[in-house]
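S.K.: Dropping a structure here in C-alpha cells format, bear with me for questions.
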Amino acid sequence: MIRIAAVGDVHLDADVLGRFRPALEELPDCADVLLLAGDLTRHGTESEARCVAEEFGGLGVPVVTVLGNHDHQCDQVPQVVKVLEDAGITVLEGTGTVLDCPGGRLGVAGVKGFGGGFAGRCASDFGEPEMKSFVRTSNESAAALGEALRGLDCDLLVALTHYAPVPDTLAGEPLEIYPFLGSYQLGQAIDSAPTALALHGHAHAGSERGVTPGGVRVRNVAHPVIKQAYSVFHLGGDQID
C-alpha cells in the first residue's frame, strides 16, 4: 500500500503563508509522498514561489508538483521552477519520476495540461491559426503526458495534471467554461498506460470524483473542492480511499 497526499490550487502569497503548515507537519505519519496539482501561486511570481517553497519544503516526504495556469501568469516560469527545485520540490512538465516508497515503487508522470473540451463538445484543429494553435497545445501536452506515463518502470502509476482529464470532476462549474477547464486528450493519455489514479485541480467549483473512459479513477484535489490541507489516497490493489 502506498499513501499519497494531494492538493492543488493553494494560491499562496505572503498573506496566507503558514495556513497549511500545521497539517503538513503531520504528513510523515499519514503519507509517503505529497503531490501538488498546480496553481501553487496567485500570479506566478518568483516571490510567491518562495512562499510555496517555505510552505511545502522540508516536509519529511517527497513533494512532486506540476504548475497551473496561475503559475504562468507573470511569465516567470523558469524562476518559479528554480525556486521550487532549490527547495527540493520536483517539478514535472511532460516528465515523470519514480519514488521508492515503503509499499513499492510509485511512478508519477505530470503535465500542466490545457483546455479544449470533451467528446462531442470540443474544439477542433480547424480554421483560424489561433484555434489550431489552441488545439495543438492540448494535443502536445497530452502526448507528452502519455509518453511520460508509458516510460516509467514502477509498481503503481499516477498521473498528475492541473487541467481536468474528464468532465465528471467539473460538475458544478458552468458548462460554458468546460472547454477552458480540461480536455479529453488528457484522459486518452491516461488510458494509454496502466495508470492507477489521476489527480488534477483547476476546477474550484467542480466535483471530487470521476473516471476516465478506460476506467481510471480521477480525483479533483483543488483545495476549494476538498476543503482541507490535503486528501490522502491509499493506493494498492483495487483500493483507492
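S.K.: Apply 1/(1 + (r/R0)^6) to the Cβ-Cβ distance of Glu25 and Glu140, taking R0 = 35 Å, and write down the FRET efficiency to the nearest 0.05.
M.R.: Using R0 = 35 Å, I get an efficiency of 0.35.
S.K.: Now for a different question. Using the number of other C-beta atoms within 10 angstrom as an exposure proxy, rank Asp71, Asp153, Asp39 with the fewest first.
M.R.: Asp153, Asp39, Asp71
S.K.: Right, here's the next one. Students often check this: by mean Cβ neighbours within 10 Å, which of 203-210, 102-109 ranks highest, and how do the rest follow?
M.R.: 102-109, 203-210
S.K.: Could I ask something else about it? Using modelled amide H (1.01 Å from N, peptide plane; none on Pro or chain starts), what sits under 5 Å from the amide H of Thr41, excluding residues fewer than 5 places away?
M.R.: Amide H to amide H, under 5 Å and 5 or more residues apart or across chains, Thr41 pairs with His11, Leu12, Asp71.
S.K.: Okay, next question. Percent relative contact order of the range 2-235, based on C-alpha pairs within less than 8 angstrom and at least six residues apart?
M.R.: Worked out over the range 2-235, it gives 22 percent.
S.K.: Any chance you could run the full-extension gain for Val211 through Asp153? It's 0.36 nm times the residue separation minus the Cα-Cα distance, nm to one decimal.
M.R.: That works out to 18.5 nm of additional length.
S.K.: Run the helix sum for the chain: -39,500 (n - 2.57) per DSSP H stretch of 4+ residues, divided by residue count, reported at 222 nm to the nearest 500 deg cm²/dmol.
M.R.: -7500 deg cm²/dmol
S.K.: Also, quick follow-up: Looking at this model, which pairs from Lys82/Lys227; Lys82/Lys132; Lys112/Lys132 are more than 26 angstrom apart at the alpha-carbon?
M.R.: Lys82/Lys227; Lys82/Lys132
S.K.: Further question: Amide H of Gly182: which non-local residues (sequence gap of 5 or more, or other chain) have their own amide H closer than 5 Å, using H built in the peptide plane?
M.R.: Placed amide hydrogens put Gly116, Gly117, Ala164 under 5 Å from Gly182.
S.K.: Also, I was wondering about something else. Tell me, what is the FRET efficiency for Leu175 and His43 to the nearest 0.05, using R0 = 30 angstrom and their Cβ-Cβ distance as r?
M.R.: So the FRET efficiency works out to roughly 0.60.
S.K.: Classify the range 29-73: rounded, prolate or oblate, from the alpha-carbon gyration tensor (a ≥ b ≥ c, eigenvalue square roots; a/c under 1.5 rounded; otherwise prolate if a/b is larger than b/c)?
M.R.: The shape class here is oblate.
S.K.: Turning to a different aspect of this structure: Given 10 °C and 1.306 mPa s, compute D for the range 63-177 with the Stokes-Einstein relation, Rh being the Kirkwood radius over Cα pairs; round to the nearest whole µm²/s.
M.R.: After rounding, the answer is 101 µm²/s.
S.K.: Moving to a separate point now. Express as a percent, rounded to the nearest 5, the fraction of DSSP beta bridges in the chain (both residues included) that run antiparallel.
M.R.: Counting DSSP beta bridges with both partners in the chain, the antiparallel share is about 40 percent.
S.K.: If you don't mind, there's one more thing I want to ask. Can you say what percent of the DSSP beta bridges in the range 121-239, counting only those with both residues inside, are antiparallel? Round to 5.
M.R.: 30 percent
S.K.: Check every DSSP H run in the chain and write down those whose alpha carbon atoms cover 30 angstrom or more along the long axis and whose mean Kyte-Doolittle hydropathy is -1.0 or greater.
M.R.: 129-150
S.K.: So for Lys112, Lys82, Lys227, fewest C-beta neighbours within 10 Å to most, what's the order?
M.R.: Sorted ascending by nearby Cβ count, the order is Lys227, Lys82, Lys112.
S.K.: Give me the number: length gained by fully extending Lys82 to Ser133, i.e. 0.36 nm times residue separation minus the C-alpha to C-alpha distance, one decimal in nm.
M.R.: 15.6 nm
S.K.: If you average the alpha carbon positions of the range 172-188 and of the range 15-63, how far apart do those two centres end up, in angstrom?
M.R.: Cα centroid of the range 172-188 versus Cα centroid of the range 15-63: 26 Å apart.
S.K.: Now for a different question. Provide the net charge surrounding Leu197, with neighbours chosen by a C-beta distance below 10 Å and charges set as Lys +1, Arg +1, Asp -1, Glu -1.
M.R.: +2
S.K.: Beyond 32 Å, what percent of the Cα pairs of the chain remain?
M.R.: Summing the P(r) of the chain above 32 Å gives 13 percent of all pairs.
Since every read-out is calculated from the coordinates, none of them should be taken as a lab result. Quick caveat: nothing in here was measured; it's all calculated off a predicted structure. Note: ideal-geometry Cβ built from the backbone for every residue, glycine included; neighbour counts use all protein chains shown.
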